[in-house]
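J.: The following block contains the structure, expressed as structure tokens.
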Amino acid sequence: MNRIVLIIIAGLFSQLAASQNALSEKYNLMPWPQEIQENNSKFKINEALTITILGDDSKERVHKAATTFLRRLSGRTGVFIDTGFPVESKNAAIKINFETVSDLTIHQNESYTLEIKNDEILIQAKTDVGALRALETLLQLTTHNTSEYYFPGVTIQDAPRFVWRGLMIDVARHFQPVGVIKRNLDAMASVKLNVFHWHLTDDQGFRVESKVYPKLHELASDGLYYTQAQIKDVVQYASNLGIRVIPEFDVPGHASAFLTAYPELGSKDGYKNNIERYAGVFDPTLNPIKEETYIFLKNLFTEIAPLFPDEYFHIGGDENAGKHWTENKEIQKFKKKHDLKTNHDLQTYFNIRLEKILKKLDKKLMGWDEIMTPTMPTTAVIHSWRGTNEGLKSSTLIEAAKKGYNTVLSNGYYIDRMLSVKHHYTVDPIGKAVLTKEERKRILGAETTMWSELVTPLTIDSRIWPRTAAIAERYWSAKEVNDVDNMFQRMSAVNLQLEELGITHIRNRDVILRNMAKGQDITSLITLSNICEPLKIYSRNEGGTEYKSFSPFTLFADACTADAKDALIFNKNASQFIDNKSNRSYGKISYYLEKWSRNHVSFTKISKNPIVQPLAALSKNLAEISKSLQRSLQTKKITQEEFSVCKNYITQLREPFADTELAIVDSLEKLLFFCEANYLTK
């Protein structure tokens, strides 16, 4: 009997999973909800649409979100909605009901149900933030036929997998104005991210106004910093979106900007501190044995902490080798006296002092995983960033959870490394780890990290989006939602929707290319940018010394993105053609080879300048190999001489150029070897 029951249950789950998979081909929702079912209804969008709020909206989050929803819906559909604000009527078409107002903590409930009927839409949530998440889902469901826009009839029950779903933006290496931050907060909310980690200090700048220690922003920011009023404004803006803001003040390392303003806090007497212009890890470090250091940080944090209502405060704590500590005789005496055998032990001493300071300010200390040492209290939150690329066997996330720490993962989600969205999407925060219930509870979630050594306000959106939309699904949706092809399909729709929020990831490509071409036709440059990607894993700026913080980031590499659009299509079809000689795939391949064959003619019409000229060899070699492959595939013939010439083109196309790489070169080589194996003439 029990076996029969189990078989029935397994069958029901299998049927549900199949249904969810089918619906994911139909609806471009991202992140994908926990449960969705169709109900054969259809809600038509017209000028009579109204919204009412039935919960106690004391913070007015839902009122603001509902108003924004109406604006975005009207803009997306072109429908002239008569009532542009929520109404007090039980007869409204969209009814939003929630029970409590969220205080924005890791314990907040973001679950919701959404039911779309023919004549009404019902949203039910535990909290106002859950209602916000439902509105974003509803907006993503907007669809149309030839005569009208409508919401399809579905019933959704949804809740996040993780309580901490973040995006970190580094504003120290390159300052990002308030407008950039706000538009990215809007985009975060649209894909249900709920933590904005604000990296505010580093060697390249201190970005917050301090009235207690004004030299920090006067001498260590190049005049690029946020006033306290701006900080409060951003925090409130985020709160309205149901997003928590976690500040990061990186100490004791990454302290060049700190010590430019207050050199007396440094660990090496007489050292000339300056704001760093290059990227990398530098030696200046706060002195952990001076009582003045702790008085300074206590006063600074006492001033800064009230600007950020969240209970967590990130102290950085990463990448400190302690070179200046080792060179300081007084520090070495202190270590010996207190039985601190290593610089890591000394940093733990420093971190514990900071934790006590923050505790008195009702803050919980959070830091990068270097702070996880044997004597570090488990009240600290470990931010796991290191993994195999840093010489470890795996990320430190599971280790932290098993040792009793609450922990957040960023290893695998470093989007500044310019890896493909597929790479990040296939990283699961927990993976195959076996955890107890308590250990699983300690894994709060994950954060996508946008370090800004190579981004400016012009380019940052194209580095964050749309990949972060797909990564957000890893944080919200069930682990089993992992079909890469389906992800690309849904992300493609969300990618365009991000523009209505002011995200510039698509439009600014052409801004950069127009600057390169000096007003001439950029069609050929667009074609190249669609198959080229920036060099990956920091090889664009190897050693951190090619670019300074004020170097130009208006070059070809800045116009290219991590997932070159045409390269994705070509690579997929090339593989399918080689595997099964599909006529459909051949048609796609032929289209692109023809396009690239002709592109060089257009490229040569651009009056060359030092920015465009480095692309000339790429354009020419691409055109030549495209012609040869096109001819061989059409005639089903290739001579040994043609094969050798094409191999030489491949060799040249593999070389980096203008800080980019050709994302189709592997497929071109595979097609060449296919021609050799099948069409070589003697």
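The values are calculated or read from the model by the stated rules, or taken from the named source; none is laboratory data. Quantities reported herein were computed from a predicted structural model and do not represent experimental measurements. All Cβ positions, glycine included, derive from the backbone under ideal geometry; neighbour counts span all protein chains shown. Side chains are part of the model used for accessible areas, which takes the heavy atoms of the whole protein and leaves out ligands, DNA and RNA. Shrake-Rupley method; radii C 1.70, N 1.55, O 1.52, S 1.80 Å.
J.: Name the residues whose placed amide hydrogens come within less than 5 Å of the amide hydrogen of VAL208, ignoring near sequence neighbours (fewer than 5 apart) on the same chain.
T.: Under 5 Å from the amide H of VAL208: TYR226.
J.: Determine the relative contact order of segment 382-539: mean sequence separation of Cα pairs under 8 Å and six or more apart, normalised by residue count, in whole percent.
T.: 22 percent
J.: I would also like to ask the following. Let me know the number of lysine pairs in segment 174-285 closer than 26 Å at the Cα, not counting same-chain pairs under 8 apart.
T.: Within segment 174-285, the lysine pair count is 9.
J.: Once fully extended, how much extra length lies between LYS359 and LYS608, figured as 0.36 nm per residue of separation less the alpha-carbon to alpha-carbon distance?
T.: Net length gain for the segment: 83.6 nm.
J.: When only Cα pairs under 8 Å and 6 or more residues apart are kept, what is the percent relative contact order across the chain?
T.: After rounding, I find 11 percent.
J.: Can you tell me the FRET efficiency between ASN97 and LYS682 if r is taken as the Cβ-Cβ distance and R0 is 56 Å, rounded to the nearest 0.05?
T.: 0.10
J.: Let a ≥ b ≥ c be the square roots of the eigenvalues of the Cα gyration tensor of segment 396-531; is it rounded (a/c under 1.5), or, if not, prolate (a/b larger than b/c) or oblate?
T.: prolate
J.: Give the aspartates and glutamates whose C-alpha is closer than 17 Å to that of LYS359, dropping any in the same chain fewer than 8 places away, or say none.
T.: GLU248, GLU303, ASP310, GLU311
J.: Using the Karplus equation 6.51 cos²θ - 1.76 cosθ + 1.60 (θ = phi - 60°), what ³J(HN,Hα) coupling, rounded to whole Hz, does each residue of segment 276-282 give in order, writing x for Gly and Pro?
T.: 6, 9, 9, 8, x, 10, 10
J.: Given 20 °C and 1.002 mPa s, how large is the Stokes-Einstein diffusion coefficient of segment 364-464 in µm²/s, with Rh as the Kirkwood radius over Cα pairs?
T.: Approximately 148 µm²/s, per Stokes-Einstein.
J.: A further question follows. Suppose all protein chains stay in the model; what accessible area per residue would a 1.4 Å probe give for the chain, in Å²?
T.: Computed with neighbouring chains in place, this is 43 Å² per residue.
J.: How much length, in nm to one decimal, is gained on full extension between GLU120 and THR379, taken as 0.36 nm per residue of separation minus their Cα-Cα distance?
T.: Taking GLU120 through THR379 to full extension adds about 88.5 nm, to one decimal.
J.: Pick out, from ALA574, GLN204, GLY78, the residue whose Cα sits farthest towards the positive end of the charge dipole of the chain, with +1 on the Cβ of Lys and Arg and -1 on the Cβ of Asp and Glu.
T.: ALA574
J.: Residues of segment 53-76 with the amide nitrogen closer than 11 Å to a label point 7 Å from the Cα of ASN39, along Cα-to-Cβ, please.
T.: None, by backbone N distance to the label point.
J.: Return the ratio Rg/(2.2 N^0.38 Å) for segment 207-355, where Rg is computed over Cα atoms only.
T.: 1.10
J.: Run the accessible area of segment 71-168 with a 1.4 Å probe and give the carbon-and-sulfur part as a rounded percent.
T.: Roughly 48 percent of what the probe reaches on segment 71-168 is carbon or sulfur.
J.: Right, here's the next one. Between ASP485 and GLU292, what's the calculated FRET efficiency when r is the beta-carbon distance and R0 is 45 Å? Round to 0.05.
T.: So, using R0 = 45 Å, E works out to roughly 0.15.
J.: Turning to a different aspect of this structure: Any idea what the dipole of segment 589-682 comes to, in debye rounded to 20, about its Cα centre with Lys/Arg Cβ at +1 and Asp/Glu Cβ at -1?
T.: 400 debye
J.: Under a 5 Å amide H to amide H cut-off, with H placed in plane at 1.01 Å, what residues pair with VAL154 once short-range neighbours are removed?
T.: Long-range HN contacts for VAL154: ASN39, ILE116.
J.: Taking the Cβ-Cβ separation of THR326 and LEU224 as r and a Förster radius of 35 Å, what is the calculated FRET efficiency to the nearest 0.05?
T.: 0.60
J.: Within 10 Å, count the other beta carbons around each residue, average over each peptide in 539-550, 264-275, 64-75, and list them highest first.
T.: Listed from highest to lowest mean packing, they are 64-75, 264-275, 539-550.
J.: Sort 613-621, 227-235 by the packing proxy (mean of other Cβ within 10 Å over each peptide's residues), most packed first.
T.: Per-residue Cβ counts within 10 Å, averaged per peptide and sorted highest first, yield 613-621, 227-235.
J.: Roughly what % of Cα-Cα distances in the chain sit above 49 Å, to the whole percent?
T.: Roughly 21 percent, rounded to a whole number.
J.: Something else now. Quick check: residue separation of ARG71 and LYS636 times 0.36 nm, minus the Cα distance between them. What number comes out in nm?
T.: Full extension from ARG71 to LYS636 adds 197.8 nm.
J.: Now a separate question. Excluding same-chain residues fewer than 8 positions from LYS337, which lysines have a Cα within less than 17 Å of its Cα?
T.: LYS290, LYS329
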